[in-house]
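Presented below is the structure to which this report refers.
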Amino acid sequence: MSYKVKLELFEGPLDLLLYLVKKDHLNIYDIPIAQVTEQYLRYLELMRLLDLNIAGEFLVMAATLIQIKSKMLLPAQENPTVEPEEDPRAELVRRLLEYEKFKQIAEELRQREEKQSEVYKRKPQAMDKIEQDEPKEVYFEASLFDLISAFSQALAEVPKEIFYDVIKDEFTVEDKVHQILHLLLVRPSIRLTELFQQAKNKIEIVVIFLAILELIRLREIVARQRALFDEIEITRNTENIIPYGGRDERKITPS
């Protein structure tokens, strides 16, 4: 497939490691390095399959994980006169803890900014009444790795078949982009698994996934979850919806 997606908001290797640790409820101070390394490399392989623009730092982290794994496979020295070496994972754990604190602070600042931006907003009284009558559900925005995890599960649940570099244009990203937007005109949200289940084969699953990434990049849709690692739903990005009677001059074309 020659279609390449370039995301502006692309998480880095430490984001992926934190995601893997939290997803499997691992102890960050005692990371099972073999398990995490295997999963990390599997995610990188999926990213290559999707022709995502992988930054070099992802490959550096892969090399670091493999090196740590190799050191931990070496037999421990039994000489009592030699001081025991530091755990090969120690530096990685320090980096992860420091990065996690940074992300938490960034999230707190973002939430404060959101609250501050709502201070001077005044909605129409009719809208206030609707919101009081109907409690608003809380959603979390899904990360790229949540999407890749859902994509991987969808691939595992369909019959195995060979991927071809050259295939008929039975499915195109541009067509899927318009199909998804059309569905979201009829329904307020769509479950990601539902889209994948409608696919005829693995090729169509890949094209659907690329179309979703393209729509996220264009800020036309939002991928969200009710809770961390929960099922993903996609919905229109309300900031990009043109009011009724307005003209929308934008054209959605793959980059």
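The values are calculated or read from the model by the stated rules, or taken from the named source; none is laboratory data. Just so it is clear, the structure is predicted and the values come from calculations on it, not from any experiment.
Of note:
- When we screen 41, 52, 109, 46 for residues that are at pLDDT 90 or above and outside the structural domain of residue 223 (by TED's automatic domain parsing), the only hit is 41.
- Residue among 81, 64 that is β-branched (Val, Ile, Thr), modelled with pLDDT of 85 or more and either over 22 Å from the mean Cα position of the chain (by Cα) or part of a loop (DSSP other than H, G, I, E, B) (or both): 64
- Considering the conditions (1) at pLDDT 85 or above; (2) assigned to a loop (DSSP other than H, G, I, E, B); (3) not β-branched (Val, Ile, Thr), residue 160 is excluded by exactly one of them, (1).
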